[in-house]
Amino acid sequence: MEFNLKEIEKWAKEFKPLPTKIGFLDNRIEEMRNPEGYVADYYNFFYTLARDLEPKVIVELGSWQGTSAACFSLGSPESLVITIDHHTDPGDTLNKQKTHEACNASPGLMYIQDGLAHSFTKKKRTSTPFLVKVHILLCLIYWTAGK
Ligand SMILES: C[S@@+](CC[C@H](N)C(=O)[O-])C[C@H]1O[C@@H](n2cnc3c(N)ncnc32)[C@H](O)[C@@H]1O
């Protein structure tokens, strides 16, 4: 499917968030609701975008709790989704744990933290040499960008 950033911007403006009907995601999105009732609609948008575009590979820099990565992965289960975070700030123990939970709920999701791949269950149609190449590339990006 052909698309450009302008089109994605237009889709985002017109987007009407609906529950994904995937328990893990809808619960995570609900957890983000603040006391004023604001909920981060961009999670539903990421889910829909991945579902409609079905990219082969999605790379996210900045996992935090792995929620956006899970939205990409569960939106497009055949995609390889890689999420990267240093997770060394105060409070990141919980964020790391939540990212592992997101990986457990999303079989195509790979979490790279501190240069190491974690929590990658299984990816259908993704060969080991391909995964090794992707991993090496991402580790290079990670180490050259600095933590
Ligand atoms: C705004 S949060 C990400 C939110 C997440 N994508 C979501 O939508 O729920 C930014 C994250 O980027 C991570 N981060 C910032 N600089 C980084 C770097 N140089 N390398 C890896 N992760 C980084 C932080 O640790 C933090 O968890």
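The values are calculated or read from the model by the stated rules, or taken from the named source; none is laboratory data. Note that the coordinates shown come from a computational prediction; the quantities given were computed from them, not determined experimentally. Ideal geometry is used to build each Cβ from the backbone, glycine not excepted, and the neighbour counts take in all protein chains shown.
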**Message:** Out of E101, E9, I need the residue that is part of a helix (DSSP H, G or I), farther than 30 Å from I136 by Cβ and away from the ligand (no atom under 11 Å from the Cβ). Which one?
**Reply:** E9
**Fill in**
Taking segment 13-30 and keeping residues touching a helix residue (DSSP H, G or I) at 6+ places or on another chain (Cβ under 8 Å) and outside any loop (DSSP other than H, G, I, E, B) leaves F24, L25, R28, I29
**Any chance Y47 is in a helix (DSSP H, G or I), surrounded by fewer than 24 Cβ atoms within 10 Å (Cβ to Cβ) and within 12 Å of the ligand (Cβ to nearest atom)** = no
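Out of T83, T48, which single residue is touching a Leu at 6+ places or on another chain (Cβ under 8 Å) and among the β-branched types (V, I, T)?
Values: T48 fails: touching a Leu at 6+ places or on another chain (Cβ under 8 Å).
None of the other options fit; the residue is T83.
Can you go through S76, S68 and tell me which one is away from the ligand (no atom under 16 Å from the Cβ), closer than 21 Å to Y111 by Cα and modelled with pLDDT of 95 or more? If you could, list the steps in order and put the result at the bottom.
Values: S68 fails: away from the ligand (no atom under 16 Å from the Cβ).
Checking each option against the conditions leaves just S76.
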